[in-house]
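No value in this document is a laboratory result; all are computed from the given coordinates. The structure displayed is predicted, hence computed values, not measured ones. Counting neighbours? That spans all protein chains shown, and the Cβs are built from the backbone with ideal geometry, glycine included.
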């Protein structure tokens, strides 16, 4: 992880205690110092603070580039910094980025009597869905970076009007996180391959629902023949509601059609009177402890 600038960084600190001191962020103690401490403080109470010395003549303005990023190799960092410390290169990249998003977000436009409603729908809502929910997998209420079996499937439904393959790819991805028994990982991290197995009842049929929506919208039935693997792990016990673990890919594979059938069959859980059991889940927390 790195920080850089188009201007020379004269000093820096990674020590939050040094930067704030006995004051607060509105007026940190570092503002009273000649230079920062030149320490990184990784693993302690950390921050990122850099000092730039900028001189301006009367009525002069100046563009400054600040960079924050992450790379595997230091050489890649040097290449990026050398390129984007040139302000014109940064402007050009920003122009390309705007063109990219405009090409996506302008595909669907609405006009209503409410301008604020139009602003929200004509770009902002879809941008949030793609950038926040699908790319970053983060939000005000959920900022863990995990894939939610239900969450990203339902978020992707709206993208079929922009790029239908996004929905297909999400379906295929999530099918690989269904257990051999038909239940699914409620959420998981790709980076660690770890996730949580639950008895949530509202996850199962989202795969089926999204497949139906995809086929109805595109007419592409071939998705039913796509083959993906299951995952495997110990089945939850009678008094075990959830388990976070590393769940390995199974040797068993199946078509998306059979993945859907297995999910439907798993959801058909009836009580002694022939009524479906309530089950547990994010959307019915008040009923989560109901057993029959």
Treating only the Cα positions of segment 151-292 as identical point scatterers, give the base-10 log of I(q)/I(0) from the Debye formula at each q in 0.12, 0.13, 0.17 Å⁻¹. -0.50, -0.59, -0.98
Most exposed first, judged by fewest Cβ atoms within 10 angstrom, 72, 226 run 72, 226
Nearest 10 degrees, 0 to 90: what angle lies between the long axis of helix 204-218 and the longest principal axis of the chain (Cα atoms)? 80 degrees
Gyration tensor on Cα atoms of segment 2-79, a ≥ b ≥ c root eigenvalues, a/c under 1.5 rounded, else prolate if a/b beats b/c, else oblate, says oblate
Enter the mean projected area of the convex hull around the alpha-carbon atoms of the chain, in nm², rounded to one decimal. 23.7 nm²
Kindly express, to the nearest 10 degrees and within the range 0 to 90, the angle between helix 164-175's C-alpha long axis and the longest C-alpha principal axis of the chain. 70 degrees
Using the number of other C-beta atoms within 10 angstrom as an exposure proxy, rank 93, 213 with the fewest first. 93, 213
Space enclosed by the convex hull of the alpha-carbon atoms of segment 27-170, per residue, Å³: 247 Å³
As I understand it, the value is the acute angle between the Cα axis of helix 256-267 and the longest principal axis of the Cα atoms of the chain; what does it come to in degrees, rounded to 10? 70 degrees
What does a probe at residue 63 reach in segment 93-128, counting residues whose amide N is under 14 Å from the point 7 Å along Cα→Cβ? 93-98
For 64, 231, 171, 104, what's the fewest-to-most ordering of other Cβ within 10 Å of each Cβ? 64, 104, 231, 171
